[in-house]
Amino acid sequence: MIGQSVSRNSIVLGAFAIITTGMIVLTANLTRDKIAEEKSHALERSLLEVMPAALVDNELLESSIDVEAATLLGTRNTEKAYIAKQDDQPTGIILQAVAPEGYGGSINLLVGIAKDGEVTGVRVIPPHFETPGLGDAIEIQKSDWITSFNGKSLHNLSEPEWRVKKDGGSFDAFTGATITPRAVVAAVYRSLQYFEQHKVRLLHNTTTPAHEDQALIEQSDLQHGHVEQTSTPPNPEDSIHEQ
């Protein structure tokens, strides 16, 4: 009698454990899927903040290219870049870049660049560890400073202008916080350099070796009557020093 009771209790407890485990697993899967979906929506909103709607009629998340770790981008791992298109023709690219010289550490960025090399937008990817009330003015929610890159390029600003005003450049710094904006300016500048060196491969999602990109660019320029050849500006790491 006692053995039968123990057996029944064991079966009930076992069934309860199985049901409970199943509910936990189901809840975890649903939660994980919801979190992934929310992250995807958040990323898409951020991408559209740095690439004007007028340049996009495609699904950015479905039009990407893997970009290997690059010194100019400050990246250590392969990251996604997102290609903007109109009528199935590339209009720009959104690169992921890192400013490693932030006051509180590395600052992750999204840098939108039109096919003509002009910046279409820059946003900080949270989290960052810049000082609240000072360096956190790089956030669009705190300040419009980050929009000062819009329309800038390697062609309409000279290399010395790609610095904060304290260093003789064109970009404002923050009162009491120069290191943070200096780091972001340098990172955006290097992102433009990277784009110029690899834009054929980036925009057309080809496997063209990096050293062949410039030849293709020059050939395209000649075909369109642009005979002027430009050189890549020096790396800002050689000229920008924190003070």
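Which of rounded, prolate or oblate describes region 91-140 when judged by the alpha-carbon gyration tensor and an a/c cut-off of 1.5? Here region 91-140 falls in the prolate category.
Pairs from the list Lys80/Lys115; Lys142/Lys199; Lys85/Lys152 with a Cα-Cα gap above 27 Å: Lys142/Lys199.
With all protein chains in place and a 1.4 Å probe, the accessible surface of region 136-212 carries 48 percent carbon and sulfur. Ligands, DNA and RNA excluded, the heavy atoms of Phe129 present near 140 Å² of accessible surface to a 1.4 Å solvent probe. Between Thr131 and Asp172, the contour length at 0.36 nm per residue exceeds the alpha carbon distance by 13.0 nm. In plain terms, the chain from Asn150 to Leu48 could stretch by 35.3 nm, reckoned as 0.36 nm per residue minus the Cα-Cα distance.
The phi torsions of region 172-182, fed into the Karplus equation with coefficients 6.51, -1.76 and 1.60 and a -60° offset, translate into couplings of 5, 9, 9, 4, x, 8, 9, 4, 5, x, 4 Hz, rounded to whole numbers, with Gly and Pro shown as x.
The values are calculated or read from the model by the stated rules, or taken from the named source; none is laboratory data. Being a predicted model, the structure only gives us computed values, none of them experimental. In case anyone asks, the SASA skips ligands and DNA or RNA and just uses the protein heavy atoms, side chains included. Shrake-Rupley method; radii C 1.70, N 1.55, O 1.52, S 1.80 Å.
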